[in-house]
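Here, each number is a calculation from the coordinates, and none is a lab measurement. Everything numeric in this text was worked out from a predicted model, so none of it was measured. Positions of Cβ are backbone-derived with ideal geometry, glycine not excepted, and every protein chain shown enters the neighbour counts.
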Amino acid sequence: MTKNKVQRIVAIVLVAVAVVMAVVGGIHLPQRSGEKATAIIEELRIRTLLDVTGVGLVDTYVEIAREEAMAKGKAEGLSLKERKVKAEEAMAETRAKYESEGVEPQADTAILLPVVAEYAAQLEVYYDLKTAAEEAYVEAHMAEAEAAAEAERQAKIDAGQEVGEEKPVTVDMSGFVATPEMEAALASADESFVAVGEALMQIYPALDDSALKTLKPTITNVVLQQGEGFTQLYDRYMAAGSGEALTNPVNAWLIRYADDLLYGTAALIVLALIVLFYETLCKKLGIPRIVLGVFFIMLCFMCLWFDLSLPSLLSNTLVRMGMNAVMVLAMVPGIQCGISLNLGLPIGLVAGLIGGLCTIEWGIPGVWGFIVAIAVGCLIAAVCGWLYALLLNRLKGEEMSVTTYVGFSIVSLMCIAWLVLPFNSLKLRWPMGTGLRNTIGLDSTNFKHILDDFLAFEIGDFTIPTGLLLFMALMCFLMWLFTRSKTGVAMSAVGNNPRFAEATGINVDKMRIIGTVLSTVLGAIGILVYSQSYGFMQLYTAPRQMGFIAASAILIGGASTSRCKISHVIIGTFLFQGVLTLGMPVANVLVPGSTISETLRILISNGIILYALTKSGGESRA
């Protein structure tokens, strides 16, 4: 059997399974809003209610045993310490007895159905009124709260203090008073609870008013269904261990996971297409992009399966792509001019950070502050990039080693420089001693979110950072125009074949200098775009790994150590940031409290660079 036939058979099997899953999911999904779903929730709710009441009843028996033991010990003339020991023994015996034997209902539990339904309806009315009243109270006092928050923020600015990340303004609810409608609805709910209590006392005769009063918050929490759909209620009751109450657990499971079956259908179809066209995809996209692309698609489906907000996560991916794209774009002129991956990118990043610090020091706000930061950063980056390029021209053929060493060295050198640079703003310096803070918070007085908030709009949970994406597109377009210019073509020729370019009269060293300077300048712009979106500027060792992240992203996009295009920047940044953005919440669900997402980032970054180096052949580029 040939390889193509095997691929076709596997694809057909996957599609057949997908069709079955689609049919099953399509049949059961509409039932979530029907009578079957309502009956399932009622079964689970009654069982959960009986379980929590039984547990509460055991606690009641235990408390009775304690009181009896204490009274008996007092009658026998025992000391307080001895009475407590007897009480503890009686409580342990009673709890062990009832937990082993269980507390069985003594009447038909069907009497709970109508009274619990009525209580749930009354609770929903009360909480709807409460929510509406609280919203009205917040709306009436929001202006006052905003004015107080603004006055506090302005006072910090006037005092020269650092203004932290802006937090949502909250209204103090201590003055909120229940409305007459709320009180009437609460009284009706309390009357309904009396009926629930009477039904529970018939089912559990040992249940008294005192125990019922203690159990009221727990019972209310079980019955209340405000704002919850079938999925949330099913999961909540199943987590309480009420699944054995279901008369048809398989049907209930299919209704609960009908949407996941449809997601699985789409996933199997995508997998079938990949299997069927695997060789074509490998030729056009390459193995790394296929692996990362499939992994990204898998993460999207896993987000849906785990009921995570996929639109919100994709929106974050879009933001992270925009904030990192210019730094990834900085790799393009380096590769095209022949210095390969510019792992000395921290030179440009440090220049950009100095530009941002100057803006804060001079107190230039908003758009102008961002423009001045870019101008100062680019000027410093151009000078440093020129010196850096001269060094690389003296060490042709060893660029990868030199750029890595230079990048690490400049970060270490700046760790000393940040302690002695003559900045005086209290927003930048430590409150005591000398030196700049490790993290500089940006706010509305600087250039925080100056691009992210420009023309941004929302579609449900999906936010489009229009200004950030437009700036990214502008930088990519300008770089594309440069590559089409006479200088850009000559620079690409040097990167492709320096000896041939030199033979045709192109000044190889000059083109390498232009590409290195341009890469460094783009790094300065990139770190400012990143910082305004992140809301902070991070100094000291923070820029150390950013060159590797940018290199990984462009290699994921399909670039090599000698050839790249603008499309590689866009594709690679999206895939790399998408995997990281979606991978973290999925990893937290799979392995709570782990650092697997950070481990994944390191493996992807370094693994992709290693793969690219193995494909480059290791030849000298001199």
* Asked: With labels modelled as points extended 7 Å from the Cα through the Cβ direction, what inter-label distance (nm, one decimal) is found for Leu481 paired with Leu80?
  -> 8.8
* So what are the ³J(HN,Hα) numbers for the stretch 337-348, from phi and the Karplus equation (6.51, -1.76, 1.60; θ = phi - 60°), rounded to whole Hz, Gly and Pro as x? -> 8, x, 8, 6, 5, 7, 6, x, 4, x, 4, x
* To do: Hey, for a label at Val589 modelled as a point 7 Å past Cα toward Cβ, could you say which residues of the stretch 458-488 have their backbone N under 14 Å away?
  => none
* Structure fact -> Per principal axis, largest first, the Cα atoms of the stretch 270-346 extend in Å by 44, 34, 14
* Asked: Hey, rough spin-label estimate for Asn251 and Ile64, points 7 angstrom out along Cα→Cβ, what's it come to in nanometres?
  -> 4.0
* Structure fact -> In nanometres, the difference between 0.36 nm per residue of separation and the alpha-carbon distance of Ser409 and Thr214 is 63.6 nm
* Asked: Which of these values of Rg and Dmax of the Cα atoms in Å was calculated from the structure shown: (i) 35.5, 149; (ii) 27.2, 90; (iii) 33.2, 114?
  -> (iii)
* Structure fact -> The set of residues whose placed amide H lies less than 5 Å from the amide H of Phe536, leaving out same-chain residues fewer than 5 positions away, is Leu442
* Structure fact -> Per the helix-only model, the chain has a calculated mean residue ellipticity at 222 nm (DSSP H runs of ≥4, -39500 (n - 2.57) each, divided over all residues, rounded to the nearest 500) of -25000 deg cm²/dmol
* **Förster-model FRET efficiency, 22 Å R0, Ser567 and Val17, C-beta, rounded to 0.05** => 0.05
* Shape of the stretch 294-428 from its Cα gyration tensor (a ≥ b ≥ c, root eigenvalues): rounded if a/c is under 1.5, otherwise prolate when a/b > b/c, or oblate? -> oblate
* Taking the alpha carbon gyration tensor of the stretch 321-544, what are the square roots of 5 times its eigenvalues, largest first, to the nearest whole Å? -> 32, 23, 13
* Please state, as a whole number in µm²/s, the translational diffusion coefficient that the Stokes-Einstein equation yields for the stretch 10-74 at 37 °C and 0.692 mPa s, with Rh defined as the Kirkwood radius across alpha carbon pairs. => 198
* Extended-chain gain in nm, criterion 0.36 nm per residue less alpha-carbon gap, His141 and Thr439 -> 103.8 nm
* How much length is gained on full extension from Glu458 to Trp386, taking 0.36 nm per residue of separation minus their Cα-Cα distance? -> 21.6 nm
* First select every other residue whose beta carbon is under 12 angstrom from the beta carbon of Leu575; then total the charges, Lys and Arg +1, Asp and Glu -1. => +2
* In nanometres, what is the gap between the two model label sites at Leu470 and Glu93, each 7 Å from Cα along Cα-to-Cβ? -> 8.1
* **Degrees separating the helix 287-305 axis from the principal Cα axis of the chain, which is the longest one** => 20
* Structure fact -> Of the convex hull drawn through the C-alpha atoms of the stretch 37-101, the volume per residue in Å³ is 68
